[in-house]
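First up is the structure itself, then whatever we jot down about it.
The values are calculated or read from the model by the stated rules, or taken from the named source; none is laboratory data. Bear in mind the structure is a predicted one, so any value in this text is a computation, not a measurement. Ideal geometry is used to build each Cβ from the backbone, glycine not excepted, and the neighbour counts take in all protein chains shown. All accessible areas refer to the heavy atoms of the entire protein, side chains included, with ligands and DNA or RNA removed. Shrake-Rupley method; radii C 1.70, N 1.55, O 1.52, S 1.80 Å.
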Amino acid sequence: MSHPDTTLLSTPLDALHRELGGKMVPFAGYAMPVQYPRGILGEHLDTRAGAGLFDVSHMGQVTVEADDPAALLESLVPGDIRGLAAGRTRYSVFTSDDGGILDDLMISKLSATRLYLVVNAACKDADFAHLQHRLGGQADLRRLDDRALLALQGPKAAAVMAGLCDGADAQPFMSIRDTHVAGIPALVTRSGYTGEDGYEISVPADKAEKLARLLLDLPGVSPVGLGARDSLRLEAGLCLYGSDIDTATSPVEAGLSWIIGPRRRAEGGFPGAGRILRELAEGPARRRVGIRPDGRAPARAHTEITDLDGTRLGEVTSGGFGPSLDGPLAMGYVPAAFAEPGTRLRLVVRGKPLDASVVAMPFVAHRYFKGV
Amino acid sequence: MSDMRFTKDHEWIKVEGDTGTVGITDYAQHALGDLVFVELPEPGRGLKQGDECAVVESVKAASEVYAPASGSVLKANDALTGQPGLVNESPEAQAWFFTIALSDPAELSALMDRAAYDEYVKGLE
């Protein structure tokens with residue numbers, strides 16, 4: 001979705017981004033910093049070494065309140081949400097009736113009667129309309145447009161947060177707490193999209209800049225833009241909606257079968273269950289794979305993937321250079337017979353077929369918090 | 001007096017006799033960000049002014065480099081292949097891309113001199 005520059009929305013941290021020298025670009029209808037003066041390479045490495053602060057306020061935050069919101073939401077996602085304990089967070093996808101992916105999202109159970117969802121910026125209007133259309137009569141749906149969302153990611157995130165929020169360092173991975181950070185009421189999830197330990201912190205919009213400045217003043221914390229956010233999630237093997245997953249890809253093809261719990265596999269009852277359960281049983285025709293080019297040339301999105309005879313197999317959906325890998329990396333879809341790690345492929349970059357291999361993902365090992 | 005000439009696409013060419021040395025400007029490297037890959041033309045390749053002759057890639061994107069003048073490539077700066085970041089560090093000196101035997105030196109008159117290029121860049125900011 002492209003929006004003319006004049007109608008760009010801004011996040012509550014807009015002035016701070018500009019003060020920090022952020023290079024602002026249009027993204028999903030918002031003016032967002034793609035990088036700061038440090039640059040994408042440095043911001044990426046700083047996150048993996050310390051703690052990167054990301055403004056993800058453009059993402060959609062929604063609460064679903066009902067007697068049993070988990071049962072209602074299970075009519076829209078293939079994940080086991082009824083089985084989610086209070087205070088826990090789960091990654092899932094909204095599926096379409098034909099088994100494609102409408103969006104990917106984080107679902108947190110604040111209580112038995114209230115779920116908190118975080119969805120992609122570019123999809124948030126459509127997601128909310130979808131929720132209203134399917135659940136509107138049965139649940140109280142609220143868009144939290146008056147809240148900002150900050151992500152603090154990296155090996156130093158826990159130590160930084162512990163000083164501002166009691167118990168943050170002991171909070172389990174994929175859990176949520178309704179708490180305070182530096183005295184500011186906040187929903188804190190221990191999650192993120194970089195492969196690192198970290199937090200996503202939802203605060204009232206008018207408190208966001210205060211919190212961001214406070215965090216940035218702490219040792220090891222640096223501002224990180226969308227450019228490094230993308231290279232970090234790519235190294236972590238995580239999907240970008242609109243590139244690696246979309247309405248044409250099923251969760252099974254995308255390698256997201258793990259989000260479909262055993263009960264949901266047995267019972268179905270989610271949109272697209274026909275296709276998705278069939279693909280689980282029989283295997284999908286194509287799969288999302290990680291790819292490492294042999295050489296140094298990055299293969300970008302839409303690069304053609306061929307077999308060794310030059311027959312087209314599919315295309316790269318995300319690709320670039322991994323600063324922590326110190327080399328190029330890509331993901332894309334290939335027929336299932338070519339999905340085994342070690343399979344040799346070619347990537348056609350500027351007309352030249354370059355040797356590459358299918359590799360297991362993540363490209364860079366996840367370092368999520370494993371305590372508690 | 002500088003013998004460097006500049007294109008609107010932010011390449012520079014330094015001319016000595018009928019040989020040119022080609023690179024990208026400080027403005028270009030700054031706009032591109034940290035470079036992680038550089039692809040250079042093979043020696044012997046014939047280029048026309050404006051042809052795509054090299055590729056530079058940052059973490060985020062690939063960009064084309066265009067030949068500032070016509071001629072035949074003499075030598076590529078292979079140091080850049082192993083050390084693309086040199087383009088960020090020393091864009092207008094150490095990180096030259098290739099040398100070229102000029103086939104039509106008269107073309108150079110259409111390019112900007114340093115003062116005109118500086119003025120042009122100011123207009124972009």
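Which residue is nearest to the other protein chains (Cβ to nearest Cβ), if the candidates are limited to segment B:21-30 and must be over 22 Å from A:Arg296 (Cβ atoms) and open to solvent by 10 Å² or more (accessible area, probe 1.4 Å)? Walk me through how you get there before you give the answer.
Taking segment B:21-30 as the starting set, the residues that turn out to be over 22 Å from A:Arg296 (Cβ atoms) are B:21, B:25-27, B:30.
Going one step further and asking which of them are open to solvent by 10 Å² or more (accessible area, probe 1.4 Å), we end up with B:21, B:26-27, B:30.
Numbers: B:Thr21: 24, B:Asp26: 15, B:Tyr27: 14, B:His30: 10 Å.
So, considering only residues that are over 22 Å from A:Arg296 (Cβ atoms) and open to solvent by 10 Å² or more (accessible area, probe 1.4 Å), the one nearest to the other protein chains (Cβ to nearest Cβ) is B:His30.
Could you tell me which of the residues B:Val56, B:Val73, B:Val38, B:Val65 is outside any loop (DSSP other than H, G, I, E, B), under 15 Å from A:Gly39 (Cβ atoms), of a type in the set (Val, Ile, Thr) and open to solvent by less than 10 Å² (accessible area, probe 1.4 Å)? Let's see the steps before the verdict.
Numbers: B:Val73 fails: under 15 Å from A:Gly39 (Cβ atoms); B:Val38 fails: under 15 Å from A:Gly39 (Cβ atoms); B:Val65 fails: under 15 Å from A:Gly39 (Cβ atoms).
Being outside any loop (DSSP other than H, G, I, E, B), under 15 Å from A:Gly39 (Cβ atoms), of a type in the set (Val, Ile, Thr) and open to solvent by less than 10 Å² (accessible area, probe 1.4 Å) holds for just one of B:Val56, B:Val73, B:Val38, B:Val65, which is B:Val56.
Give segment A:121-151 a look and list any residue that's under 20 Å from A:Ser202 (Cα atoms) and in a helix (DSSP H, G or I), or say none.
A:Ala121, A:Ala122, A:Cys123, A:Lys124, A:Asp125, A:Asp127, A:Phe128
Identify, from the list A:Val62, A:Val25, A:Val118, the residue that is in a strand (DSSP E or B) and within 14 Å of chain B (Cβ to nearest Cβ).
Working: A:Val62 fails: within 14 Å of chain B (Cβ to nearest Cβ); A:Val118 fails: within 14 Å of chain B (Cβ to nearest Cβ).
A:Val25 is the lone residue from the list that is in a strand (DSSP E or B) and within 14 Å of chain B (Cβ to nearest Cβ).
Give just the number: which of (1) surrounded by fewer than 22 Cβ atoms within 10 Å (Cβ to Cβ); (2) under 19 Å from B:Thr25 (Cα atoms); (3) away from chain A (no Cβ under 14 Å) does B:Glu89 not satisfy?
(3)
Which of the residues spanning segment A:302-319 are more than 14 Å from chain B (Cβ to nearest Cβ) and either touching a residue at least 12 places away in the same chain (Cβ under 8 Å) or open to solvent by less than 60 Å² (accessible area, probe 1.4 Å) (or both)?
Of segment A:302-319, the ones more than 14 Å from chain B (Cβ to nearest Cβ) are A:304-315, A:317.
Within segment A:302-319, A:Glu304, A:Ile305, A:Thr306, A:Asp307, A:Leu308, A:Gly310, A:Leu313, A:Gly314, A:Glu315, A:Thr317 meet the criteria.
Condition first: open to solvent by 50 Å² or more (accessible area, probe 1.4 Å), within 14 Å of another protein chain (Cβ to nearest Cβ) and not in a loop (DSSP other than H, G, I, E, B). Can you find one or more residues in segment A:29-36 that meet it? Explain how you work it out, then say what you get.
Let us first name the residues in segment A:29-36 that are open to solvent by 50 Å² or more (accessible area, probe 1.4 Å), namely none.
Within segment A:29-36 (the criterion being open to solvent by 50 Å² or more (accessible area, probe 1.4 Å), within 14 Å of another protein chain (Cβ to nearest Cβ) and not in a loop (DSSP other than H, G, I, E, B)), the answer is no, since none of the residues qualifies.
Scan segment B:7-33 for residues that are at pLDDT 95 or above and assigned to a loop (DSSP other than H, G, I, E, B) and jot them down.
Selection gives B:Thr7, B:Lys8, B:Asp9, B:His10, B:Thr25.
Taking into account only those residues within segment B:46-62 that are within 14 Å of chain A (Cβ to nearest Cβ) and of a type outside the set (A, V, I, L, M, F, W, C), which is farthest from B:Thr7 (Cα to Cα)? Show your work before the answer.
As a first pass, look at segment B:46-62 and keep what is within 14 Å of chain A (Cβ to nearest Cβ): B:51-62.
Filter once more, keeping what is of a type outside the set (A, V, I, L, M, F, W, C): B:51-52, B:57-58, B:60.
On the way: B:Asp51: 13, B:Glu52: 13, B:Glu57: 19, B:Ser58: 21, B:Lys60: 24 Å.
Taking the candidates together, the pick is B:Lys60.
Looking at the structure I just gave you, is A:Val93 assigned to a strand (DSSP E or B), open to solvent by less than 10 Å² (accessible area, probe 1.4 Å) and modelled with pLDDT of 95 or more? Even if it seems obvious, please write down each step before you answer.
Working: assigned to a strand (DSSP E or B): yes; open to solvent by less than 10 Å² (accessible area, probe 1.4 Å): yes; modelled with pLDDT of 95 or more: yes.
So A:Val93 passes the test.
Do we have any residue at all in segment A:40-54 that's without any contact (Cβ under 8 Å) to a residue 40 or more places away in the chain, in contact with a Leu (Cβ under 9 Å, 6 or more places away or on another chain), away from chain B (no Cβ under 14 Å) and assigned to a strand (DSSP E or B)?
No, because not a single residue in segment A:40-54 is without any contact (Cβ under 8 Å) to a residue 40 or more places away in the chain, in contact with a Leu (Cβ under 9 Å, 6 or more places away or on another chain), away from chain B (no Cβ under 14 Å) and assigned to a strand (DSSP E or B).
Return the residues of segment A:273-290 that are under 16 Å from A:Leu102 (Cα atoms) and crowded, with 21+ Cβ neighbours inside 10 Å; say none if nothing qualifies.
Scanning segment A:273-290 gives a single hit, A:Ile276.
For segment B:63-81, name all the residues that are in contact (Cβ under 8 Å) with a residue 24 or more places away in the chain and either within 14 Å of chain A (Cβ to nearest Cβ) or among the charged types (D, E, K, R) (or both).
Kept after step one, since they are in contact (Cβ under 8 Å) with a residue 24 or more places away in the chain, are these residues of segment B:63-81: B:63, B:65-78, B:80-81.
Correct list: B:Ser63, B:Val65, B:Lys75, B:Asp78, B:Leu80, B:Thr81.
Yes/no per residue for (1) at pLDDT 95 or above; (2) under 22 Å from the mean Cα position of the chain (by Cα); (3) within 12 Å of chain B (Cβ to nearest Cβ); (4) open to solvent by 40 Å² or more (accessible area, probe 1.4 Å):
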{"site": "A:Phe321", "(1), (2), (3), (4)": "yes, yes, yes, no"}
{"site": "A:Ser324", "(1), (2), (3), (4)": "yes, yes, yes, yes"}
{"site": "A:Phe338", "(1), (2), (3), (4)": "yes, no, no, yes"}
{"site": "A:Ala360", "(1), (2), (3), (4)": "yes, yes, no, yes"}
{"site": "A:Arg367", "(1), (2), (3), (4)": "yes, yes, no, yes"}
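Give segment A:192-214 a look and list any residue that's surrounded by 21 or more Cβ atoms within 10 Å (Cβ to Cβ) and either in the same structural domain as A:Val364 (by TED's automatic domain parsing) or in contact (Cβ under 8 Å) with a residue 60 or more places away in the chain (or both), or say none. Working first, answer last.
Narrowing segment A:192-214 to residues surrounded by 21 or more Cβ atoms within 10 Å (Cβ to Cβ): A:192-203, A:208, A:211-212.
Those that are surrounded by 21 or more Cβ atoms within 10 Å (Cβ to Cβ) and either in the same structural domain as A:Val364 (by TED's automatic domain parsing) or in contact (Cβ under 8 Å) with a residue 60 or more places away in the chain (or both): A:Thr194, A:Gly195, A:Glu196, A:Asp197, A:Gly198, A:Glu200, A:Ser202, A:Ala208, A:Leu211, A:Ala212.
Does A:Arg286 count as away from chain B (no Cβ under 14 Å) and either in contact with a Ser or Thr (Cβ under 7 Å, 6 or more places away or on another chain) or more than 29 Å from B:Ala62 (Cβ to Cβ) (or both)? Before you say what the answer is, go through the steps one by one.
Values: away from chain B (no Cβ under 14 Å): yes; either in contact with a Ser or Thr (Cβ under 7 Å, 6 or more places away or on another chain) or more than 29 Å from B:Ala62 (Cβ to Cβ) (or both): no.
It is false that A:Arg286 is away from chain B (no Cβ under 14 Å) and either in contact with a Ser or Thr (Cβ under 7 Å, 6 or more places away or on another chain) or more than 29 Å from B:Ala62 (Cβ to Cβ) (or both).
Look through A:Arg296, A:Arg278 and report the one residue that is assigned to a helix (DSSP H, G or I) and over 30 Å from A:Ala158 (Cα atoms).
Values: A:Arg296 fails: assigned to a helix (DSSP H, G or I).
One residue alone meets the criteria, A:Arg278.
Among the numbered conditions (1) within 14 Å of chain B (Cβ to nearest Cβ); (2) of a type in the set (Asp, Glu); (3) open to solvent by 10 Å² or more (accessible area, probe 1.4 Å), tell me where A:Asp146 comes up short.
For A:Asp146, the failing item is (1).
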